[in-house]
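The values are calculated or read from the model by the stated rules, or taken from the named source; none is laboratory data. Values in this document were obtained by computation on a predicted structure and should not be read as measured data. Every residue, glycine among them, receives a Cβ derived from its backbone with ideal geometry; neighbour counts consider all protein chains shown.
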Amino acid sequence: MIAKPLQVKAVKPYVIWLKYADETEGTIDLSHLLNKPIFKNWINLSFFNSVYIDSETWAIAWNDDIELCPDSLYLKIKGMTFEQWKNNQSINATN
C-alpha cells in the first residue's frame, strides 16, 4: 500500500474527499464511472454518500461489490503515475 487512507466522505454528487496517513488529501470526481454498470447504484445519492473505508482491505467502498483502490486514488490526488511515485520513493530513500 502506498499510503493508508484515514478518512473519506462524499462532498457533492459523485465527488469524494480523501485524507491519507501521510497528510495527503484532496477531492476526486468519480462521475466518469457512472456509465459503467457496476456503479449504477450511485444514481441514488444516499447510496453514494454512504462511502466508507473497508477496515480489512483499506479499499474505498460502498458495499462488497463496489470498491476502489486506495492507491490509485492517492496517485490521482497527487497527480502522478505509479512510476513517478516509485522513482520519487527511490530518490528519497537515497537522500
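Structure data summary
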item: Total residues in the range 31-65, condition within 12 Å of the chain's Cα centre (by Cα) and in contact (Cβ under 8 Å) with a residue 24 or more places away in the chain; result: 5
item: One residue from LYS78, LYS36 being loosely packed, with under 12 Cβ neighbours inside 10 Å and among the basic types (Lys, Arg); result: LYS36
item: Within the range 2-18, tally of residues that are touching a residue at least 12 places away in the same chain (Cβ under 8 Å) and buried (at least 16 other Cβ atoms within 10 Å of the Cβ); result: 8
item: The lone exception for ALA59 - which of (1) out of contact with any Pro (no Cβ under 9 Å at 6 or more places or on another chain); (2) of a type in the set (Gly, Ala, Ser); (3) at pLDDT 95 or above it fails; result: (1)
item: Selected residue (criterion: farthest from ASP29 (Cα to Cα)) from residues of the range 72-95 that are hydrophobic (A, V, I, L, M, F, W, C) and at pLDDT below 90; result: ALA93
